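One structure is given here, and the rest of the page talks about it.
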């Protein structure tokens with residue numbers, strides 16, 4: 001089978017006449033759209049008609065988003081391609097111009113007191129009511145159209161370039177190991193090896209390799225976060241976190257409820273690391289290089305076996321989900337294998353304009369890679385539930401984005417736990433717990449790191465050593481006494497691209513949010529059986545047109561209560577106790 005994704009349904013190549021025509025049309029259309037906004041959104045006559053025209057025109061503009069998405073997909077597998085990088089810069093410059101029209105609309109909305117009534121009188125506006133109300137709510141944090149345009153232009157030559165620098169440095173870093181050179185993705189995959197020496201020596205080789213790029217990466221991080229701090233002050237946000245929460249469609253009360261539950265249960269959750277340390281004969285504390293060490297019988301899987309495993313587990317949930325997975329593989333939406341120049345990690349990208357998604361993996365053949373495949377397919381399935389909506393209505397924030405993906409992980413684990421041998425069940429259960437605690441404990445450390453970095457960045461530039469110190473302290477606080485303090489990972493800030501996303505800060509807590517929310521949904525599934533499927537579809541279909549508080553209510557969930565989050569954690573604690581029993585009490 002083809003292990004590389006096919007992008008031809010988007011464009012045949014960057015030299016394709018259709019691509020060139022669309023790029024030129026995009027440039028012209030954005031200019032025309034901005035001029036239309038200047039001319040029409042400056043008075044309040046015919047408000048309903050103006051708003052209708054804006055919505056229709058903006059949806060037409062967003063049809064061109066597939067250009068940038070296509071280029072970013074190409075770049076993710078070929079980060080050193082200068083021609084692609086230049087085209088991306090060109091498209092980002094065009095996209096930055098849209099900040100101007102967006103600011104004009106928000107300025108226009110500021111003066112409308114009866115926008116809800118206006119929307120109710122028009123089918124087009126009624127459909128986009130949430131979008132318009134959300135923009136009006138953000139209006140107090142929006143500068144003048146010209147100021148927003150200037151910020152957009154500066155970002156394209158500031159944080160966006162620094163983000164590319166960080167991605168380029170890590171994706172092309174070659175690590176010396178056992179007399180050979182490996183990509184960073186390949187060396188990090190060795191953390192899952194059954195061989196202790198490979199895990200340990202790969203860890204040391206990885207740490208040593210980061211020294212080559214830590215200084216330029218530290219400049220990138222300082223630059224990106226410094227820009228964010230300045231922009232937040234200009235826009236009247238109390239902090240970058242306040243801005244992120246507003247963009248995430250939640251508030252501090254919801255975030256605090258979740259973290260309160262996590263902090264309250266950290267001692268119980270980190271018991272897992274002690275269980276694993278004991279299983280690996282490490283005493284009471286686990287070295288970082290053993291975090292992903294397999295326990296039990298953990299065999300290797302081919303890509304084909306992984307595909308079949310996922311398909312079977314999805315079909316057990318619903319025919320719709322199983323058929324969807326088959327379609328994804330049939331159409332070659334997935335790029336499976338690691339290679340030089342390819343970005344690390346995994347992601348799923350929605351190309352709403354053609355009603356498709358693309359999935360990038362760095363498949364290493366372990367059960368955890370099957371989990372990752374299921375996770376990204378969950379994103380793609382979520383995207384597919386929104387394809388019937390307009391482009392303006394298709395955006396869903398990060399916290400809810402990690403729910404369908406984590407739910408699909410649970411389906412794979414559920415299927416595996418009744419299919420495989422006892423030794424395999426131990427391995428699968430342990431792998432699942434490990435993944436969940438990455439989403440909760442490690443994510444908590446990442447949140448603590450980023451929060452502290454922002455606070456200290458206010459006072460000036462932070463050196464790579466200072467950044468590493470913040471990371472180590474965050475790991476100690478989150479992992480409690482579960483990790484061996486001699487073997488922490490002081491460079492986790494280098495290898496995680498989430499810190500360098502110039503458009504989204506605190507790209508961490510959404511994973512904990514999604515993991516625990518999906519646990520709540522999975523409990524409902526166990527209670528309701530097949531009747532849950534229609535509820536789940538409704539939940540996903542509304543995820544882009546409601547605040548997350550209201551989306552959760554569809555499933556009867558109160559995300560403002562720490563008791564809800566503790567319920568999700570209790571499910572994980574049951575799994576930890578079961579693992580302990582399987583390892584030591586059988």
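Observations, loosely collected:
- The selection criterion, being more than 25 Å from the chain's Cα centre (by Cα), surrounded by fewer than 20 Cβ atoms within 10 Å (Cβ to Cβ) and not assigned by TED's automatic domain parsing to the domain that holds residue 345, holds for residue 129.
- Among the residues of segment 391-400, those that are surrounded by fewer than 23 Cβ atoms within 10 Å (Cβ to Cβ) and either over 24 Å from residue 245 (Cα atoms) or at pLDDT below 95 (or both) comprise 395, 397, 398.
- Selection status of residue 331, in the same structural domain as residue 515 (by TED's automatic domain parsing), surrounded by fewer than 20 Cβ atoms within 10 Å (Cβ to Cβ) and at negative phi: yes
Rundown of residues vs (1) modelled with pLDDT under 95; (2) closer than 21 Å to residue 313 by Cα, yes/no style:
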| site | (1), (2) |
| --- | --- |
| 344 | yes, no |
| 351 | no, no |
| 354 | no, no |
| 366 | yes, yes |
| 377 | no, yes |
| 382 | no, yes |
| 404 | yes, yes |
| 409 | yes, yes |
| 426 | yes, yes |
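- Residue in segment 401-417 that is part of a helix (DSSP H, G or I), free of Cβ contacts under 8 Å to residues at least 60 places away in the same chain and surrounded by fewer than 22 Cβ atoms within 10 Å (Cβ to Cβ) present: yes
- Criterion applied to 183, 171, 159 was being under 23 Å from the mean Cα position of the chain (by Cα), buried (at least 20 other Cβ atoms within 10 Å of the Cβ) and at pLDDT below 90, and the one residue passing it is 171.
- Considering residues of segment 294-308 that are surrounded by 15 or more Cβ atoms within 10 Å (Cβ to Cβ) and more than 24 Å from the chain's Cα centre (by Cα) only, the residue modelled with the lowest pLDDT: 298
- If the condition is being under 19 Å from residue 429 (Cα atoms) and either crowded, with 22+ Cβ neighbours inside 10 Å or without any contact (Cβ under 8 Å) to a residue 60 or more places away in the chain (or both), then segment 257-275 contributes 269, 272, 273.
The values are calculated or read from the model by the stated rules, or taken from the named source; none is laboratory data. Computed from a predicted structure; not experimentally measured. Quick reminder, even Gly has a Cβ in these numbers, built from the backbone with ideal geometry, and neighbours come from all protein chains shown.
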